[in-house]
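Notes follow once the structure below has been shown.
Computed from the coordinates by the stated procedures, all read-outs in this text should not be read as laboratory data. Since this is a predicted model, take the numbers as computed values, not measurements. Heads up, the Cβs are rebuilt from the backbone with ideal geometry, glycines too, and the neighbour counts pull from every protein chain shown.
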Amino acid sequence: MGENAPEEVPTDYPDSKSPSLHLTTATEEEKVATWNLNSVNWGTALSLSDYLERESYLTTVPLAKDNGVTHWILVSKDLPHNERPILASCESLCKPVLVSRNGIITEGITHGIGSVFSQPKYRGKGYAARMLRELGRILKSWQIDSSVSGREAVPFSILYSDIGPKYYAKFGWEVHPSSHIALPPISSKSSSSSSSSNSGTPLTYADIPSLCKLDEHLLRKRLAETKDGKTHVAILPTNDQMQWHHMREDFVTKKIFGKSPTIKGAIAGPEGKRVWAIWTRAFYGPLKPESGNTFHILRLVLEDETDNEQNAESLKSILDIAQEEAKEWQLNEVEMWNPSEVVRSLVRRTELEHKVEHREEESIPSLMWYGDEETKAGDIWWVANEKYGWC
Ligand SMILES: CC(C)(COP(=O)(O)OP(=O)(O)OC[C@H]1O[C@@H](n2cnc3c(N)ncnc32)[C@H](O)[C@@H]1OP(=O)(O)O)[C@@H](O)C(=O)NCCC(=O)NCCS
């Protein structure tokens, strides 16, 4: 802009602290307007029309449907619907959670915030900050229903920052661990792994509900055993939670490849000592390495959490399938988020090529606590902090 350029018209750029602004829910037309605007950031794996179709479709899938997802916009109170400039926008997705302290478990819901966005002309003016401050407060009681078991409280809200650890922490979403194990996509047909005596079995849609039930049972048992005075929180790894990822995956792969993958995970090992993974394929851009398209392990479960040869062999046979699928679907790498010490050791035992990475910029799990005031950020232990909770 030249030195003598006129000032911006003030009505277009209200003060971000103005009482005339508020955070509210978007109309159908306004949802489409926000998707059109943010397609530049999140729609580049698809054509614009396919991205708009995907976003609309994703309001109808498990977790999101029946008002599970809320589309938020920061706008002027005084302007009519569908004509008010959208200064900032985001979504929140409701999910069931567990909180445990010294073995006492309570249930609740959380809201996972995603798609935080402000169009370029409105950036740097504090609108996104205003939206997030209001949102942090609103979500504390959003969609609470004291007459429905498990929906009586929102103990915390979450988000996964793609813009480093500082921005959201300013508003109270504290950063949690963000490491992962990355393995290359490899065809097992060309590796020695096919000689493993403990071969993995692929999982399809039909296998997942009962495994999620068992996972929840094991997780509750584990949380009931905590005695360290810390607050342990977990997003429930439900079938709906997995389906939210899988239906997105199916939609996107159908558009890109004309078909969708039926293998949604793999399982290995004898009853009582089984190891399984549920996974998804995520496309962030065209089929090129720079897009960072990734094969994500949504959830890894060890029935018996022991660091031994049998578990290592089971894990290896599962990862063989994952790596082969990653190759087939042209993904850069297989990622497994926040592996426990036991899982890290098991991966080392497999002798598969891998690296441990600490994400400094992208997908940093962040949590705002709404529960009792004695609990400080450092007292909260996010259990099963894996990709399935991402939104
Ligand atoms: C992230 C985004 C919503 C911020 O909007 P904004 O209008 O610039 O934010 P605000 O005016 O409220 O806040 C400005 C502050 O945010 C910081 N900020 C903005 N974008 C940032 C980024 N990509 N990385 C780190 N900090 C960022 C600025 O440095 C500034 O910091 P300061 O207050 O210390 O000076 C906007 O840049 C955007 O839509 N980006 C594209 C989509 C995206 O990446 N969303 C985040 C997904 S997790």
From the option list Lys221, Lys170, single residue qualifying as in a helix (DSSP H, G or I) and more than 16 Å from the ligand (Cβ to nearest atom) is Lys221
Name, by its number, the condition in (1) closer than 30 Å to Pro286 by Cα; (2) within 16 Å of the ligand (Cβ to nearest atom) that does not hold for Pro85.
(1)
For residues that are surrounded by fewer than 20 Cβ atoms within 10 Å (Cβ to Cβ) and of a type in the set (A, V, I, L, M, F, W, C), scanning just region 95-150, find the one that is nearest to the ligand (Cβ to nearest atom).
Ala129
